[in-house]
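Please read the structure below before turning to the comments.
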Amino acid sequence: MQCHSLVYSEELTVLSLRANRLEDSGDFQQALEEWRKSIQMLPPQSTQADWVRDHIRKLELSIRAAPPAPGKHNWAKKLGPLAPIAIFLAKAKWLFALFKLKFLLSLGAFFALYWAMWGWKFGVGLGS
């Protein structure tokens, strides 16, 4: 055993960096687990161990005081059954041509011309 030196300094550095990143991203529960791993590698009476224990207490309090996180991707569960329809509409671009004014006007003119010349039955039959 070495006096006044950290035996696991590299591992502690990696753990603290990982825990800090997790805290920054808002994953406090996982960060708490990383800090708990690091406390086992520190000498019990060291100032680093005191700091980590204090930080663990603060994280535990903030986790208890924080409101529960809203469920992610709830919209996907609600709109999931509509996905085949959305895919069909995305692939069927020709379907949107029916709703364009230019198309409707030309279809109406075509239908009117053939209706006037040979009757409505012929105009509908040729137009459809």
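Only one of the numbered conditions (1) at pLDDT 80 or above; (2) within 30 Å of Asp27 (Cβ to Cβ); (3) exposed (fewer than 10 other Cβ atoms within 10 Å of the Cβ) is violated by Ala83, and that is (3). The set of residues in segment 103-128 that are without any contact (Cβ under 8 Å) to a residue 12 or more places away in the chain and surrounded by 12 or more Cβ atoms within 10 Å (Cβ to Cβ) comprises Phe103, Leu104, Ala112, Leu113, Trp115, Trp118, Trp120, Phe122.
Within the option set Pro44, Pro70, being open to solvent by 80 Å² or more (accessible area, probe 1.4 Å), more than 39 Å from the chain's Cα centre (by Cα), of a type outside the set (Asp, Glu) and at pLDDT below 85 holds for one residue only, Pro44.
The values are calculated or read from the model by the stated rules, or taken from the named source; none is laboratory data. Quick caveat, the model's predicted, so the values are computed rather than measured. All Cβ positions, glycine included, derive from the backbone under ideal geometry; neighbour counts span all protein chains shown. Keep in mind that these areas ignore ligands, DNA and RNA; they rest on the heavy atoms of the full protein, side chains included. Shrake-Rupley method; radii C 1.70, N 1.55, O 1.52, S 1.80 Å.
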